[in-house]
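*Asks:* Structure provided below as structure tokens; questions to follow.
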Amino acid sequence: MLKSFVIGVLVGVLLLVGSVYFYFATGMAPVAAADPPMPFEKKMASKALNAHIDKQNIASPPIPADEPNLVAGAKIYKEQCAVCHGTIDHPSPPLADDMFPHATLMFKGKGVTDDPPTESYWKAANGIRLSGMPGFKGLLTDTQLWQVAQFVANTDKLSDSAKKMLADQPLPASMEAASTPPKTPAKTK
């Protein structure tokens, strides 16, 4: 009786593992950015990300969310982040919709104003695997990463000078191209 039970459990486990392998190996799993998510994909990815960030025990921001840091954060954000996450004038850049998962829009809805700056710092520094979000550690200084983190955590209460920094900076070339309709070539006779 016990032997039959153990054999049944082993067969069940092998069938489950084989089915999962078959699902992925035969190309049935959705992999294109436009495909719908796999069952439980968002929930599992979110749980894993949050648990990993919590495990890191990131210290409180070493810089305050004051005027100079928010303005500096706005400048860095405009140069490095706006093409995917938008600006006040372009809250939903075309690139954001072509990503999976879709890039968080910082100026549409709440953005990440409900996340602590430590979480945004971790995401900017390390990136998020399989999401299109790159890590900027090594490209930006630690101070710049904190300035961006403070900036995105406070996009709902930016000063006029931080807003002006976003507006005064020219759009990154990739956003400019995405927001300008393509030119049609002139017809030749």
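Computed from the coordinates by the stated procedures, all read-outs in this text should not be read as laboratory data. Bear in mind the structure is a predicted one, so any value in this text is a computation, not a measurement. Cβ: placed from backbone, ideal geometry, glycine included. Neighbour counts: every protein chain shown.
*Asks:* For Glu67 and Ser131, FRET efficiency with R0 = 45 Å and r from the beta-carbon atoms, rounded to 0.05?
*Replies:* 0.90
*Asks:* For the chain, just the Cα atoms, rotate onto the principal axes and tell me the three extents in Å, largest first.
*Replies:* In descending order, the Cα extents are 76, 66, 30 Å.
*Asks:* Met133's amide H: which non-local residues (gap 5+, or another chain) put their own amide H closer than 5 Å, with H modeled 1.01 Å from N in plane and none for Pro or chain starts?
*Replies:* Ile128
*Asks:* Report, in deg cm²/dmol and to the nearest 500, the calculated mean residue ellipticity at 222 nm for the chain, where each DSSP H run with n ≥ 4 adds -39500 (n - 2.57) and the sum is divided by the residue count.
*Replies:* The per-residue figure over the chain is -16000 deg cm²/dmol.
*Asks:* What dipole magnitude, in Debye to the nearest 20, does the chain give about its Cα centre under +1 on Lys/Arg Cβ and -1 on Asp/Glu Cβ?
*Replies:* 560
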